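Enquirer: The structure is given below, and queries will be raised subsequently.
The values are calculated or read from the model by the stated rules, or taken from the named source; none is laboratory data. Keep in mind the model is a prediction, meaning the values are calculated, not measured. Note: ideal-geometry Cβ built from the backbone for every residue, glycine included; neighbour counts use all protein chains shown.
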Amino acid sequence: MKSYVVHLIRHGTTAGNEQGRYVGSTDLPLSAAGEKRLRRLRSGRGYPEAQVCLSSPMKRCTETLRILYPEAKPILVRDFRECDFGEWEGKTAREIAASDERFRRWISGGGGQPVVPPGGESGGEFARRVCAAFERLVEGMMRSGTLSAVIVAHGGVLMAVLSAYGLPRAKFYDWMTQPGCGYSMRITPGLWMRSKVGEVFAKIPAGPGNGGDRSERIVLDLAREAADRAYGEKEGKDKRENPQGNGEEK
């Protein structure tokens, strides 16, 4: 049976990632350390080939794709941008908490009432945007007969897609991955049409050595904590139960 494979790869590290800042709409480039790590990962030749390459339009993603797939001519997908954190953009958790009491309610889950970053994007809006773009991609692949694609995007984008469509099921922030790493998903038309799910069957890059060193694991821990605060377990659950984004926002 014909199947379609989508490889989802997180962009390399920026200075904001390394400092534990909330970076969503800010168009930061890769840091020097981020570029170095990507080149080291690429030298291991563990990145899958694909017929088409897609990317968030943000610099950190297009630069990552240029390093990992230097011959590619990427298709830029605006809706694969990271979440917009509004007035909290570019700040650390400590900086935001010191000046905005809403941040404490956001971290704690809002006490039953959704809290949106002032001037920013809610978790529900973000998930609906990203998932709609992913569904358009999959359906376009099926129409055109394109069997494989690479997406280079942000940690939140990968987590939104994988928590909504990935098998085995996992919590939103459990899909967080190291910069320059990701997952491969296999989609079969019958299962997609019935249940809108795909099998997550491999990590990227393939083979040993993609776990990162201690400093990179610290960056991952900071990112996972930020993701948990930004979207939370309930947001991921709601999205998995309602992947089309229909109905009221929870």
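Enquirer: For the stretch 64-114, how many residues are over 18 Å from the mean Cα position of the chain (by Cα) and among the acidic types (Asp, Glu)?
Expert: Final tally of qualifying residues: 5.
Enquirer: Still on this structure, please answer the following. Please list, ordered by first then second residue, the pairs with beta carbon atoms under 6 Å, 6 or more apart or interchain, first in the stretch 117-128 and more than 15 Å from Met159 (Cβ to Cβ), second aromatic (Phe, Trp, Tyr).
Expert: From residues that are more than 15 Å from Met159 (Cβ to Cβ), the pairs are Pro117/Phe85; Pro117/Trp88; Gly120/Phe85.
Enquirer: Let me ask you something else. Quick check on my filter: what residues within the stretch 7-16 are out of contact with any helix residue (DSSP H, G or I) (no Cβ under 6 Å at 6 or more places or on another chain) and buried (at least 24 other Cβ atoms within 10 Å of the Cβ)?
Expert: Selection gives Ile9 alone.
Enquirer: Take the stretch 118-144 and flag every residue that is among the small types (Gly, Ala, Ser) and not in a loop (DSSP other than H, G, I, E, B).
Expert: If the condition is that a residue be among the small types (Gly, Ala, Ser) and not in a loop (DSSP other than H, G, I, E, B), then Gly123, Gly124, Ala127, Ala132, Ala133, Gly140, Ser144 are the ones that fit.
Enquirer: Gly90 is checked against (1) assigned to a helix (DSSP H, G or I); (2) surrounded by 15 or more Cβ atoms within 10 Å (Cβ to Cβ); (3) modelled with pLDDT of 90 or more and fails just one. What number does that condition carry?
Expert: Going through (1) assigned to a helix (DSSP H, G or I); (2) surrounded by 15 or more Cβ atoms within 10 Å (Cβ to Cβ); (3) modelled with pLDDT of 90 or more one by one, Gly90 breaks only (1).
Enquirer: Sort out which residues of the stretch 22-36 are buried (at least 23 other Cβ atoms within 10 Å of the Cβ), in contact (Cβ under 8 Å) with a residue 40 or more places away in the chain and either of a type in the set (S, T, N, Q) or closer than 11 Å to His11 by Cα (or both), and write them in order of number.
Expert: If the condition is that a residue be buried (at least 23 other Cβ atoms within 10 Å of the Cβ), in contact (Cβ under 8 Å) with a residue 40 or more places away in the chain and either of a type in the set (S, T, N, Q) or closer than 11 Å to His11 by Cα (or both), then Gly34 is the only one that fits.
Enquirer: Additional query: Can you say whether Cys61 is within 18 Å of Ala160 (Cα to Cα) and either in contact with a Lys or Arg (Cβ under 7 Å, 6 or more places away or on another chain) or surrounded by 18 or more Cβ atoms within 10 Å (Cβ to Cβ) (or both), as far as the supplied structure shows?
Expert: So Cys61 fits the description; yes.
Enquirer: Further question on the same structure: Any residue in the stretch 145-157 that is free of Cβ contacts under 8 Å to residues at least 12 places away in the same chain and part of a helix (DSSP H, G or I)?
Expert: Within the stretch 145-157, none of the residues are free of Cβ contacts under 8 Å to residues at least 12 places away in the same chain and part of a helix (DSSP H, G or I).
Enquirer: Separate question: Filter the stretch 172-196 for residues that are of a type in the set (Gly, Ala, Ser) and more than 20 Å from Gly46 (Cα to Cα) and give the result.
Expert: Within the stretch 172-196, Gly190, Ser195 qualify.
Enquirer: Could you pull out every one of the helices (runs of 4 or more DSSP H) wholly within the stretch 1-74 that has 3 or more residues that are in contact with a Leu (Cβ under 7 Å, 6 or more places away or on another chain)?
Expert: 59-68
Enquirer: May I ask you to say which residue of Ser43, Ser108 is under 28 Å from Val150 (Cβ atoms), surrounded by fewer than 19 Cβ atoms within 10 Å (Cβ to Cβ) and modelled with pLDDT under 95?
Expert: Step by step, each of Ser43, Ser108 is checked, and only Ser43 is under 28 Å from Val150 (Cβ atoms), surrounded by fewer than 19 Cβ atoms within 10 Å (Cβ to Cβ) and modelled with pLDDT under 95.
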